[in-house]
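Colleague: Before anything else, here's the structure in question.
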Amino acid sequence: MMYSLDILKGNSHIDCSNTLLDLISSEINDSENYSLGLSGGSTPKFFYELFAEKYKDYSNIYLWTVDERHVDINDEKSNQRMINSIFSNSNLNIIEYSYEEDPGHSAKDYTTKVFSKIDKFNAVILGVGEDGHIASLFPDTTALNADEKGFVQNEVNILTKWRVTSTFELLKNVEHVYLLVTGDNKKEIIEKIGKENDLPVNELIRLRKKTVLLTDQ
């Protein structure tokens, strides 16, 4: 399959976040219902705040969590905790990840929950780690080979021993994938995105027809 990587360069993180908001807003205007996958970390928080303010009264938008560290929602490392803190005072539908002691059970339950609410995966926002990981698909981890279209547990031993993550099979079928990669610390990895290497981010790009990268580098 032929694939493409569209690169949109901005002057700053704020610039990239506003461009992303414009892109997603045009899609929402064309959809009766809209689903958006949200990643954790600090990079997308400004975009989330913009989005929450603009669409706080919309009840036809469903938000799902791309990946989660295997911690209770009250833990400061929880992606779901961060997402809830921004969106819980809106009418947006948060499909909340639930922590269970067994990460495999958490993954199966979240797969069931998400697919019971979403028929079409419209868009997802992904960061890219300095090692090329996306979601919690880290280099040399077992989830890279998962063939499930949903969520699986993954042993990463970074901040937490276990993560629950979207699989390639899920992410490759999302209509629009946006890579939001900003900051001086991302200069080196930006140069590797879209190249012929085995980084997880490039594996996803090769699996898709089109991926969009927004960066200030």
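The values are calculated or read from the model by the stated rules, or taken from the named source; none is laboratory data. Computed from a predicted structure; not experimentally measured. Neighbour counts are summed over all protein chains in view; Cβ atoms, including those assigned to glycine, are modelled from backbone coordinates with ideal geometry.
Colleague: Can you tell which of Thr182, Thr165 is at pLDDT 95 or above, touching a Ser or Thr at 6+ places or on another chain (Cβ under 8 Å), under 23 Å from Asn18 (Cβ atoms) and surrounded by 21 or more Cβ atoms within 10 Å (Cβ to Cβ)?
Modeller: Details: Thr165 fails: under 23 Å from Asn18 (Cβ atoms).
Testing whether each residue is at pLDDT 95 or above, touching a Ser or Thr at 6+ places or on another chain (Cβ under 8 Å), under 23 Å from Asn18 (Cβ atoms) and surrounded by 21 or more Cβ atoms within 10 Å (Cβ to Cβ) leaves just Thr182.
Colleague: Can you give me the ranges of the strands (runs of 3 or more DSSP E) entirely in the range 25-69 with at least 3 residues that are among the charged types (D, E, K, R), more than 21 Å from His13 (Cα to Cα) and modelled with pLDDT of 95 or more? Lay out the reasoning, then the answer.
Modeller: Values: elements: 34-38, 61-65, 67-69.
Here the list reads 67-69.
Colleague: Continuing with this model, one more query. Taking the condition of being assigned to a helix (DSSP H, G or I) and either of a type in the set (Lys, Arg) or touching a helix residue (DSSP H, G or I) at 6+ places or on another chain (Cβ under 8 Å) (or both), how many residues in the range 4-24 meet it? Working first, answer last.
Modeller: Just the residues of the range 4-24 that are assigned to a helix (DSSP H, G or I), to begin with: 13-24.
The next check asks that each one be either of a type in the set (Lys, Arg) or touching a helix residue (DSSP H, G or I) at 6+ places or on another chain (Cβ under 8 Å) (or both); those that pass are 13-14, 17-18, 20-21, 24.
Result for the range 4-24: 7.
Colleague: Can you give me the ranges of the helices (runs of 4 or more DSSP H) entirely in the range 131-217 with at least 1 residues that are out of contact with any helix residue (DSSP H, G or I) (no Cβ under 9 Å at 6 or more places or on another chain), of a type outside the set (Phe, Trp, Tyr) and in contact (Cβ under 8 Å) with a residue 24 or more places away in the chain? Lay out the reasoning, then the answer.
Modeller: Details: elements: 168-171, 187-192, 200-207.
Correct list: 187-192, 200-207.
Colleague: Same structure again: Quick check, is Thr111 buried (at least 21 other Cβ atoms within 10 Å of the Cβ), touching a Gly at 6+ places or on another chain (Cβ under 7 Å) and among the polar types (S, T, N, Q)?
Modeller: On the way: buried (at least 21 other Cβ atoms within 10 Å of the Cβ): no; touching a Gly at 6+ places or on another chain (Cβ under 7 Å): yes; among the polar types (S, T, N, Q): yes.
Against the criterion (buried (at least 21 other Cβ atoms within 10 Å of the Cβ), touching a Gly at 6+ places or on another chain (Cβ under 7 Å) and among the polar types (S, T, N, Q)), Thr111 does not qualify.
Colleague: Might you check whether a residue that is surrounded by fewer than 22 Cβ atoms within 10 Å (Cβ to Cβ), over 27 Å from Asp109 (Cα atoms) and in contact with a helix residue (DSSP H, G or I) (Cβ under 6 Å, 6 or more places away or on another chain) occurs anywhere in the range 52-71?
Modeller: no
Colleague: Next question, about the same structure. Does Ser90 fit the bill of being part of a loop (DSSP other than H, G, I, E, B), more than 20 Å from Gln153 (Cα to Cα) and touching a helix residue (DSSP H, G or I) at 6+ places or on another chain (Cβ under 6 Å)? Explain how you work it out, then say what you get.
Modeller: Details: part of a loop (DSSP other than H, G, I, E, B): yes; more than 20 Å from Gln153 (Cα to Cα): yes; touching a helix residue (DSSP H, G or I) at 6+ places or on another chain (Cβ under 6 Å): yes.
When the stated conditions are applied, Ser90 passes them.
Colleague: In addition: Can you tell me which condition Phe47 does not meet? The list is (1) under 23 Å from Phe168 (Cβ atoms); (2) crowded, with 18+ Cβ neighbours inside 10 Å, and all the others hold.
Modeller: So Phe47 meets the others, but not (1).
Colleague: Under the condition of being among the small types (Gly, Ala, Ser) and either in contact with a helix residue (DSSP H, G or I) (Cβ under 7 Å, 6 or more places away or on another chain) or at pLDDT below 95 (or both), which residue from the range 93-130 is nearest to Arg69 (Cα to Cα)? Break it down stepwise before answering.
Modeller: The initial filter retains those residues of the range 93-130 that are among the small types (Gly, Ala, Ser), namely 98, 104, 106-107, 116, 123, 127, 129.
Keeping just the survivors that are either in contact with a helix residue (DSSP H, G or I) (Cβ under 7 Å, 6 or more places away or on another chain) or at pLDDT below 95 (or both) gives 98, 123.
Working: Ser98: 11, Ala123: 21 Å.
This residue is Ser98.
Colleague: For the range 75-125, name all the residues that are aliphatic (A, V, I, L, M) and closer than 20 Å to Tyr55 by Cα.
Modeller: So in the range 75-125, the residues aliphatic (A, V, I, L, M) come out as 82-83, 86, 92, 94-95, 107, 114, 118, 123-125.
Answer for the range 75-125, where residues must be aliphatic (A, V, I, L, M) and closer than 20 Å to Tyr55 by Cα: Met82, Ile83, Ile86, Leu92, Ile94, Ile95, Ile118, Ala123, Val124, Ile125.
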